[in-house]
Structures are given as structure tokens and as C-alpha cells.
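What follows is a single structure, written as C-alpha cells, with notes after it.
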Amino acid sequence: MNTESGKIYVTTYKNYILTAVYEEGCLAEIYADKQGDAGILHRIYVGKVKHIVKNIDAAFVEIGGGIEGYYKISDNPAPVFLNHKKNGRLACGDEILVQVEKEAVKTKNPVVTSCIVLPGRYAVLRGGKADAGVSTKIHDTDEKQRLRLLAERGGGENFGFIMRTEAAGVSDEEICSELSELKARYECLVQKSRYMTCFSEVYHSPEEYIARIETLAGGKDTAVTTDIREAYEKIKDHYPWFQERLHLYEDIQYPLIKLLSLETQIERLLSPRVWLRSGGSLVIEQTEAFVVIDVNTGRYMGKKTGEESYFKINMEAAKEIPRQLRLRNLSGIILIDFINMKDAKKRRELIDALKEVLAKDRVKTVFVDMTALNIAELTRKKERRPLHEQLGRRCPVCRGTGFVFSSEERQ
């Protein structure tokens, strides 16, 4: 099967549903969702403020079942109070409308917010903020201005709109119709929540792999193929406008997991070592505080020697490392120990090459600095659990990182 740019595949792997994203014929991202486990991400609840911790500008809001979500007060200037309030100050015992923004990661609580998000095909409604925005992937100045004006006109006192990439070229009438529909949904949801008891679930989001399709397949040329009949029907029902780009793969003798060699790719992504084409290698290790990536000459057998060979391996690593970060979904503080080079010009070229590839990541990734020891410092926003955690992989040898070391690699 041709896995050209703009392809998404949804298939099964053991008791998981895999979503594999291909860009320019290469696997770029992979997600694993446990079958039957819908999770709580994006769900909306009537929450109750249990604790307020002023020194960290946060509150802890219970959403039921003993689950308390972390709530950043300064990020939520306009909470939707569901109990009678004479002032707008948050206090213990308050019942507020919240949405789960991030699921719990290890010992950290899930993150909840009052800025309710309701996605549409052309726009996303954000409650609690009246600002308007346009996708950064739309580069035409006139088109951005047109869409921004539509978002500003459609917004209200307590909500605003962000125009999606798919809105480009769509008529004003069609966009305004969707904005009105999203506004009605939001107002209905808020009104409904006022008559619900504490900890009630106001909105049940679709399964994560289905909700994710809208973000991943935002481009008009992106197609989705699945060999799961149930997933095919759910995606078709949830996104009726997407049917032309949705395909059901029905060869039961040779499922997508085999056709795309995803099992082999996953096992490689659970290993700490990545071999580069030149024979050099990366060793990726996740500690409690940060991720460390070591660039090695490995089995390099090239004709170039010294500085030139180091530069070649470093440049190859600069292209592969951002890909590994996306595939493994490694985030937080990331330190890359490149092979030391004395040539200042080559070091600048290396930094430029690394920045160029990092810019393609849909998750916010920032190049911070390059130290005198050729250690690059990056940060990558935490949006979901690393791949090894999604797959429930643990290993005492690797201090719980989920990487499975061979006896040779442990030596």
C-alpha cells in the first residue's frame, strides 16, 4: 500500500486501537488507545472546588469518583459558576463547569479548565475567553483577515472562536452557520448544567481515537483508512462531511498492522537505541526529570574522518531526533548530547538543521540553547502520555521508563 503524505491508518494491536500518521511516506506519529477505555479527556462535568492553594495559584476540583483535577486559577478568568455567587471569586465548595484538558500522568492529577472547548469542522469554540484566532497554517493575509473578522463577529461576551485550517476558502454563509450552531450548543450545555447535580457528566466526548481524527486529518488532502468496521462506522457517523476521505480496508488475511509492519516499528520505538543510516546511533533514556539523548559514532564506517565524520553523524541525528520525539511522544526538558565539534560554523549549521525539523512538530517544541559542550537544550509541551505508557509497558531494569534493554545494551 502506498503510504504517501497525508495518510492516517486506524487498526488494532493486541488490545489497543492504533492510529498511525504518515507524512511523506514515513511514519510520523503513533497513538495507542486501550479498547473499551474511553478515558475522561475532553469530558465536561459539574465540578466542586475542594481546595484552593494560593501559593501555586491553583485549585483542586473534584469531578466525581474521588478524582480531583488541577485547575490553574489565572488561566480561568471567567469560571461558569453553577451555585449562586455575589462575587466572582473562587471559593471552596463552589460548583463550576469544567472540562478535562489533560489526563492524569503518573502522580500528577488530570488538568481541568473552565475554558470549555467545542470543536466544529471549520472553527473551535472556546468558552471563558472572548478572543478570536485563526490557524497559523493559513498563510494568505487576506484570507486570515476575512476569517478573523468572521470569528470576531460570531463571538460573544464569554466565548470566542478559533478558525481552523479547513475554513480557508469556505463561504461566509457556511462558516457563520457553523458558528451559530456551536454557539447554540455551548449555551444549551451551560443552561443544562445548571439543573444537574454535583459531579454529573454534562458532555461525554467520543472515544479518543475518533476525537483525534479531526485534529490529525485537518488538511483537505488527508485520508483515513481503517480495517475496523466499528471504527469506520463511528468515524463516518461523527464526521459525515469526511466520508469521501474515509476508507474501509477489508483484507482480513493481511490486516493493516501487518501490511504497515507496525508491530516491528513499535518494538523499535520501545528500545532505547536507534541506528542511523551512517552507522551512528542514538541512545534515548527518559529519567524522572528529563529526557537524555546521546549521539554516538556507533558502527560508522565512512571514509570521512574527524570533524567531517562527526558533522555528518550529527546532521543525520538532527533530522532523526525530532522524529523520535514525535513517535515516542517524549516531552518536558530534553537534553541532546551531540558529538563534540570545534568548528563554530558547523555548530551553527547543526542548530539550524535541528530547528528546521523541530518546526514541523504539531506539539509546541522550543530550542532553548546549545551549550559549549554541544548539548542542545529543548522543551516539548506535554499533551499526552509517552508511547510506552500508552501501551502500559514497564521495566525495572530501565527504572520504569518502559524501554526494554537487551543484555548487550545493558553492558
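The values are calculated or read from the model by the stated rules, or taken from the named source; none is laboratory data. These numbers come from a predicted model, not from an experiment. Please note: Cβ atoms are built from the backbone with ideal geometry, for glycine as well, and neighbour counts cover all protein chains shown. Protein only, heavy atoms only, side chains kept; ligands, DNA and RNA dropped before computing areas. Shrake-Rupley method; radii C 1.70, N 1.55, O 1.52, S 1.80 Å.
Where strands (runs of 3 or more DSSP E) fall entirely within segment 92-160, those with at least 2 residues that are open to solvent by 20 Å² or more (accessible area, probe 1.4 Å) are at 95-102, 117-119, 123-127.
From the set of residues in segment 71-130 that are acidic (Asp, Glu) and more than 24 Å from the chain's Cα centre (by Cα), which is nearest to ILE44 (Cα to Cα)? Checked segment 71-130; the qualifying residue nearest to ILE44 (Cα to Cα) is GLU95.
When the residues of segment 211-250 are filtered to those that are touching a helix residue (DSSP H, G or I) at 6+ places or on another chain (Cβ under 8 Å) and aromatic (Phe, Trp, Tyr), the one that is modelled with the highest pLDDT is TYR249. Scanning segment 168-189 for residues that are aliphatic (A, V, I, L, M), surrounded by 12 or more Cβ atoms within 10 Å (Cβ to Cβ) and more than 11 Å from ALA151 (Cα to Cα) yields ALA168, VAL170, LEU182, LEU189. Residues that are in a helix (DSSP H, G or I) and in contact with a strand residue (DSSP E or B) (Cβ under 8 Å, 6 or more places away or on another chain) within segment 331-349 comprise just one, ARG347. Within segment 151-169, residues that are more than 15 Å from GLU181 (Cβ to Cβ) have Cβ atoms under 8 Å from residues that are open to solvent by 30 Å² or more (accessible area, probe 1.4 Å) and part of a strand (DSSP E or B) in these pairs: GLY160/ARG126; ILE162/ARG126, counting only partners at least 6 apart in sequence or on another chain.
Looking at (1) within 19 Å of the chain's Cα centre (by Cα); (2) at pLDDT below 90, find the lone condition where MET163 falls short. MET163 satisfies every listed condition except (2). Beta carbons closer than 7 Å, at least 6 apart along the sequence or on distinct chains, pair a first residue in segment 63-85 that is at positive phi with a second that is of a type in the set (Ser, Thr, Tyr) and modelled with pLDDT of 85 or more for GLY64/TYR45. Every condition in (1) in contact (Cβ under 8 Å) with a residue 60 or more places away in the chain; (2) small (Gly, Ala, Ser); (3) crowded, with 17+ Cβ neighbours inside 10 Å holds for SER271 except the one numbered (3).
Residue by residue, here is whether (1) open to solvent by less than 60 Å² (accessible area, probe 1.4 Å); (2) under 24 Å from LEU27 (Cβ atoms) holds:
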residue: ASN340; (1), (2): no, no
residue: ASP343; (1), (2): yes, no
residue: LEU350; (1), (2): yes, no
residue: ALA359; (1), (2): no, yes
residue: VAL363; (1), (2): yes, yes
residue: PHE367; (1), (2): yes, yes
residue: ASN374; (1), (2): yes, no
residue: LYS381; (1), (2): no, yes
residue: PRO386; (1), (2): yes, yes
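When ILE266, ILE210 are checked against the criterion of being within 22 Å of the chain's Cα centre (by Cα) and under 30 Å from ILE67 (Cα atoms), ILE210 stands alone in meeting it. Anything in segment 254-268 that is assigned to a helix (DSSP H, G or I) and open to solvent by 60 Å² or more (accessible area, probe 1.4 Å)? List them, or say none. If the condition is that a residue be assigned to a helix (DSSP H, G or I) and open to solvent by 60 Å² or more (accessible area, probe 1.4 Å), then LYS258, GLU263, THR264, GLU267, ARG268 are the ones that fit.
For segment 26-54, a tally of residues being small (Gly, Ala, Ser), open to solvent by 30 Å² or more (accessible area, probe 1.4 Å) and either within 19 Å of the chain's Cα centre (by Cα) or more than 30 Å from GLY66 (Cα to Cα) (or both) returns 1. Which of (1) open to solvent by less than 40 Å² (accessible area, probe 1.4 Å); (2) more than 23 Å from the chain's Cα centre (by Cα); (3) within 27 Å of LEU325 (Cα to Cα); (4) not acidic (Asp, Glu) is the odd one out, the single condition ALA223 does not satisfy? With respect to (1) open to solvent by less than 40 Å² (accessible area, probe 1.4 Å); (2) more than 23 Å from the chain's Cα centre (by Cα); (3) within 27 Å of LEU325 (Cα to Cα); (4) not acidic (Asp, Glu), ALA223 is out only on (2).
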